[in-house]
Amino acid sequence: MGFNFELLKSFSDFVGIDLEIIAENNIDISDVDVFLTGMNGDDRNDRIYTKVSEMFEHGTTAHYRNICGEYYTSSAFGLMAAAVCLNAGNVPSSMMLSGKAKNSIKKVLFYNHFKNKDHSLILLSKWAD
């Protein structure tokens with residue numbers, strides 16, 4: 001599939017953040033098994049998650065706020081959920097948004113934002129089985 005730097009640049013310009021975390025770690029976008037978002041059901045906030053998830057059409061898109069709710073530190077819950085999924089090697093059906101459940105997860109890209117201003121991307125990788 002190859003890495004699409006144009007898509008990366010357009011996304012970076014769109015949200016005002018830099019996705020160089022993927023390129024700096026020599027990761028092809030297709031290497032990301034799960035894209036875990038902070039979608040919360042509010043279209044004003046979810047629009048950006050939907051736009052970014054288009055980059056991960058080959059993989060699984062999941063969310064965590066449907067489990068924990070919306071609160072100031074819910075991203076900590078989301079990061080913990082990403083680590084649990086990575087450790088277990090799968091994503092629970094209650095968190096799935098799109099894509100197929102995989103038997104083995106090696107990379108999770110966690111993306112969250114607060115009021116479309118403060119964005120964070122965290123790449124989690126499994127080191128060993």
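Bear in mind that the values in this text are calculations on the coordinates, not laboratory data. Everything quoted here is computed from the prediction, not taken from an experiment. Cβ atoms come from the backbone with ideal geometry, glycine included; neighbour counts cover every protein chain shown.
Looking at the stretch 44-79, which of its residues are over 17 Å from Ser98 (Cα atoms) and either surrounded by fewer than 13 Cβ atoms within 10 Å (Cβ to Cβ) or touching a residue at least 40 places away in the same chain (Cβ under 8 Å) (or both)? Matches in the stretch 44-79: Arg44, Asn45, Gly69, Glu70, Tyr71, Tyr72, Thr73, Ser75, Ala76, Gly78, Leu79. Filtered by the rule that a residue be of a type in the set (Phe, Trp, Tyr) and under 13 Å from Tyr111 (Cα atoms), the stretch 68-83 gives a lone residue, Phe77.
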